[in-house]
Each structure stands twice: as structure tokens, then as C-alpha cells.
1. So, of the residues in the range 144-168 that are among the basic types (Lys, Arg) and in a strand (DSSP E or B), which turns out to be nearest to the chain's Cα centre (by Cα)?
2. Could you check, for the range 50-65, whether at least one of its residues is within 30 Å of residue 380 (Cα to Cα) and of a type in the set (D, E, K, R)?
3. Please specify each residue of the range 339-372 satisfying the condition of being aliphatic (A, V, I, L, M) and more than 21 Å from residue 438 (Cα to Cα).
4. Identify all residues within the range 209-222 that are touching a strand residue (DSSP E or B) at 6+ places or on another chain (Cβ under 8 Å) and within 17 Å of residue 71 (Cβ to Cβ); write none if there are none.
5. Can you name every one of the helices (runs of 4 or more DSSP H) wholly within the range 410-528 that holds 1 or more residues which are exposed (fewer than 15 other Cβ atoms within 10 Å of the Cβ)?
6. Would you confirm whether any residue within the range 313-322 is in the same structural domain as residue 55 (by TED's automatic domain parsing), free of Cβ contacts under 8 Å to residues at least 60 places away in the same chain and either in a helix (DSSP H, G or I) or not hydrophobic (A, V, I, L, M, F, W, C) (or both)?
7. If you check 527, 485, which single one turns out to be at pLDDT 95 or above, closer than 17 Å to residue 426 by Cα and within 30 Å of the chain's Cα centre (by Cα)?
8. Being crowded, with 16+ Cβ neighbours inside 10 Å, more than 24 Å from the chain's Cα centre (by Cα) and assigned by TED's automatic domain parsing to the domain that holds residue 219, is that true of even one residue in the range 77-100?
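The values are calculated or read from the model by the stated rules, or taken from the named source; none is laboratory data. In this text the structure is predicted, and so the values were computed from the model without any measurement. Note that each Cβ is placed from the backbone with ideal geometry, even for glycine, and that neighbours are counted across all protein chains shown.
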Amino acid sequence: MTARAGERVQVAGAGVPDSERVLTEDALAFVARLHREFNPTREALLRARIDRQRELDGGATPGFLGNTASIRESEWRVAAAPRDLEDRRVEITGPVERKMMINALNSGASCFMADFEDALSPTWENVVAGQGNLMDAVRRTLDFASPEGKQYRLNDTIATLLVRPRGWHLVERHVTVDGRPVSASLFDFGLYLFHNARALLDRGTGPYFYLPKMESHREARLWNDVFVAAQEWVGIPRGTIRATVLIETILAALEMEEILHELREHAAGLNAGRWDYIFSAIKKFRQRPATMLPDRAQVTMTVPFMRAYTELLVKTCHRRGAHAMGGMAAFVPSRRDAKVNETALARVREDKLRESADGFDGTWVAHPDLVPVARQVFDGVLGPKPNQKDRQRPEVNVSAEQILDVRVPGGTVSAAGVKSNVSVALQYLESWMRGGGAVAIYNLMEDTATAEISRAQLWQWLRHGADVDGARFSRAMYERVRDAEIAALSAAEGHTRLRDAAALLDELVLGEDFAEFLTLPGERYLEDGTSSAIRDMTGGAA
């Protein structure tokens with residue numbers, strides 16, 4: 001690739017490990033080409049999100065799309081799954097951190113989703129090192145030595161690798177193309193594909209992705225256009241890329257078939273992204289008191305609106321020949337409390353029994369110790385079969401009204417729920433600011449999605465004056481709980497950013513306007529070594 005006059009890619013920030021082999025001129029030129037071609041459409045789609053939210057705030061009721069009825073009514077199927085994506089009965093997820101990647105790839109799970117999104121704090125070092133770690137994982141050279149001298153290496157047999165880039169709403173602020181920050185989605189996707197597509201094919205696998213945070217089939221169409229162009233530019237066959245879409249927004253749940261249709265030559269399935277889905281329900285209907293959700297612990301997968309969404313997802317996927325992937329088991333086993341483990345593992349097993357009985361082809365776990373539990377459940381249903389796509393679920397008939405009715409029968413807001421939300425949000429934000437995106441809190445693996453629920457509920461409860469054990473939730477009540485949690489957490493070692501975490505949480509909870517994503521105002525708090533140094537890269541257009 002050669003540069004056109006006046007066009008430039010600039011990399012800002014301190015030099016970090018792996019930057020020389022990751023941020024090569026050719027790789028950045030490839031990312032810049034993607035950005036120039038597709039960023040205008042990305043920005044237009046983000047403006048469409050704002051317009052749609054304005055309509056929802058005004059009382060509009062969304063539903064299944066009228067102009068795409070022919071897609072839902074006609075017969076078509078997605079492309080057949082590649083051999084190493086046929087059996088996905090247990091998938092483990094985690095950030096692109098070296099040791100955690102080795103443990104996940106060696107865990108015995110069918111697949112591992114390496115995450116640049118909710119499980120990763122997007123410091124510059126984390127993002128660049130993550131790409132380097134993926135290059136090593138693809139080539140089977142990934143290793144790690146602990147400070148104590150323990151050696152970690154990949155087994156001969158490892159999980160199939162999938163990668164989740166950041167969502168369409170984010171930019172990578174350390175890289176500009178022609179003076180504009182590059183799309184974080186295209187940056188994460190482009191670097192991984194450029195460096196690894198050929199090496200993956202040589203090993204009999206391929207570039208497989210999870211796509212987050214989409215709100216419409218038009219956003220899926222953009223990803224498909226990116227895939228078509230990118231495959232041509234790197235010289236691999238069309239259809240080599242495969243993508244599983246996380247249905248984690250309530251609007252996307254109304255367009256599942258259309259999303260699969262847009263991606264049908266690249267589609268690998270849909271996933272029930274439960275935590276972000278709950279966050280989306282709060283966010284989209286935030287101005288409506290009637291949609292106020294109760295304590296997070298009460299919003300289980302069996303409440304009506306969550307049940308409707310997952311039932312529809314399985315039916316939609318199997319009708320179209322796609323995998324239906326279940327939600328996250330976030331429990332982190334305790335090394336000290338056997339009773340906690342016994343209770344939690346029973347709940348994990350119950351959750352996976354429900355999913356497998358409903359027809360899901362596989363499920364997610366957050367910790368290697370949960371892989372055997374989930375595998376045993378799905379083995380019991382699947383046996384030697386790789387999936388259960390033959391279960392068509394004709395008895396399922398889910399209406400748009402059922403998807404949108406987010407009331408939880410008997411749900412309440414409690415003082416314990418307020419305390420839990422404040423504590424989880426503070427602890428997560430504090431860790432995230434220091435570079436940790438997957439955080440074990442109270443034996444649960446929390447990530448950005450669960451922190452989003454916590455802060456969004458606090459905003460919603462404050463906005464609408466929720467009844468908290470007989471008292472109206474107020475700013476004074478929030479501040480009392482916040483101060484008490486700061487005092488309690490300050491006693492623990494390592495919490496160096498609690499005051500900053502509290503400042504960001506105040507901004508998110510007390511602000512008149514609802515922040516669309518906590519990562520947007522949160523980025524200014526990240527410890528990522530940004531400096532005034534600018535590295536110019538020629539190359540950027542073919």
C-alpha cells in the first residue's frame with residue numbers, strides 16, 4: 001500500500017510492549033483503509049441511534065419491522081458452520097491478557113472468546129499487548145512466566161479462538177486517520193485479521209468473531225460490508241470470516257432474523273448476551289417509570305421478558321441453521337468457602353439445564369472451573385451430536401409486546417440492592433481505571449456490562465423516586481451509601497483510584513442526562529501512559 005498526498009495515520013502515546021510488531025506501517029495502512037471506507041456509514045448509524053432514542057423518549061413503541069416482513073416470511077439459511085465451529089457446547093470468555101488466555105485456551109472449553117470489549121480495560125498497553133498475545137496464540141507460541149517462576153504454555157489441543165472487537169460506538173483515541181480518531185471496531189478487527197488471517201487458514205481454522213452492541217440490522221449490514229472488503233484486501237476467500245452476533249440490546253431482539261440475513265454468508269449464530277440486554281432495557285426506556293426494574297438479583301433469566309427473548313433467539317437461529325448460544329455463568333469459585341461453591345455450582349447447573357432443555361447449542365462460562373459443570377450438562381443433552389439445531393421450536397410464538405414488557409412480577413427495590421449496585425460499580429470502576437476489565441467481586445466475574453446495570457439502575461431509581469424498603473430513593477440516600485462503601489473499601493489494599501471511581505459514578509448517577517455508555521466519560525480516567533509524542537505513519541490508502 002502507498003500513501004496518498006496529505007493523508008496520514010498518527011499514533012499518539014507512549015511506546016508499549018509489542019507495538020513494533022503490531023503497529024506496522026502495513027497493518028495501520030490496512031486499518032486506515034477500512035476506516036476511510038466505512039467510518040462515514042458508522043457515524044451515520046450512530047446518529048440514527050440518537051434519533052431512535054429521541055423517539056423512544058417521546059413515547060414511541062418499537063416493534064418488528066414492517067418493511068422486512070418478506071425476510072422473516074421467506075425461507076433461507078446461513079452458511080454451514082466451519083468444522084471447528086460445529087460443536088460449541090461450552091465457550092469460555094475473558095480479556096486478551098496473556099495468562100488468562102492460556103488458561104482459557106487450555107480449559108477444555110470448545111471455544112474461547114478473547115475480548116477487547118467488556119472484559120478489557122481499553123488502556124493503550126492492554127489493546128496493543130492484546131493484539132500481540134493473539135498473534136502468539138494463533139501461532140501456538142503463547143507462554144507466560146509468573147513472578148514466582150511458574151510456567152504457562154498452550155496444550156497440544158486448545159479451544160477454538162474467537163475475538164470480540166469493541167462496539168461501533170467507540171473510537172481508539174490513540175490512533176487518528178486524517179486527523180480523526182479511528183473506529184475502535186475497525187482497529188481491533190483490522191489488526192487481528194491483517195496479522196492472522198493467513199496463519200489461521202494454514203492451521204485449518206479461520207478468523208472468527210463475536211460482534212457486540214448492535215441495535216439494528218443496518219449495523220449488521222455494515223459489518224458484512226466490512227467483511228467482504230477486508231477478505232478481498234487480504235486475499236482470502238469470501239465467506240472465510242465467521243461472526244456470532246451478541247443479541248444484547250432490546251432493539252436488536254426485534255431484528256434477529258434481519259441481522260442473521262444481513263450476515264448470512266458470514267453468520268455463525270446469535271448469543272443471548274444477558275447482562276447487556278438488561279442494561280439495554282433500562283437505557284432504552286429510561287424515561288418511563290413503568291419500566292423501572294427491581295434489584296439486579298431479581299432480574300433472572302426466567303422473568304417474562306428475558307424468557308421471551310431467549311425463546312425467540314433459539315427458534316430464530318435454528319430455523320436459519322445458525323447456532324444459538326446461551327448466556328454467561330459468572331460465578332468465580334472460592335478457594336476457601338466450600339459451601340459458597342456448592343450453592344453457586346448448583347445454580348450454574350440449573351441455569352445450564354434450562355438452556356440445554358430450551359434448545360441452546362452451547363453456553364458461556366467465565367472461569368475454567370465451570371467448564372466441567374457446563375460440559376456435563378450439555379453432554380447429557382447433545383451426546384455425540386455437535387449441536388441441536390434440528391430442534392425447531394414451532395410451539396414458540398413470541399410477540400413484540402412480550403419482548404418489550406419488561407415488568408418483573410413481584411419485583412422490589414431494596415436497600416441491599418442499592419448497596420450492592422454502589423459497591424459493585426465502585427469496585428469495578430476503580431479496577432477498570434487501573435487497567436483491569438474482568439474483576440472478581442463477591443464471587444462473581446464482573447465486567448463493564450454488569451457495572452452498566454449497576455449505575456443505570458441507580459440513575460433510573462433516582463430519576464423516578466423508587467420505593468426502597470418504604471423510603472423514596474434520593475440523592476441523599478445514594479450519597480450516604482456511596483460514602484459508607486468508600487469507607488469500607490478504603491480499608492482494602494490496592495484500591496488507589498476509589499475517589500476517581502466515586503467521581504465517575506456520581507457523574508453517571510447524578511447527571512441530568514443518561515450517559516449512553518460509562519466507557520465514554522470513563523476514558524479520561526484511564527491510566528494508559530498517553531503522552532504528547534506523535535508517531536506519523538505514511539501508508540494508509542491503496
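1. 164
2. For the range 50-65, residues within 30 Å of residue 380 (Cα to Cα) and of a type in the set (D, E, K, R): absent.
3. 346, 353, 357
4. Across the range 209-222, the qualifying residues are 214, 220.
5. In the range 410-528, the matching helices (runs of 4 or more DSSP H) lie at 415-433, 475-490, 498-510, 519-522.
6. Within the range 313-322, not a single residue is in the same structural domain as residue 55 (by TED's automatic domain parsing), free of Cβ contacts under 8 Å to residues at least 60 places away in the same chain and either in a helix (DSSP H, G or I) or not hydrophobic (A, V, I, L, M, F, W, C) (or both).
7. Values: 527 fails: at pLDDT 95 or above.
After ruling out the rest, the residue left standing is 485.
8. No, because not a single residue in the range 77-100 is crowded, with 16+ Cβ neighbours inside 10 Å, more than 24 Å from the chain's Cα centre (by Cα) and assigned by TED's automatic domain parsing to the domain that holds residue 219.
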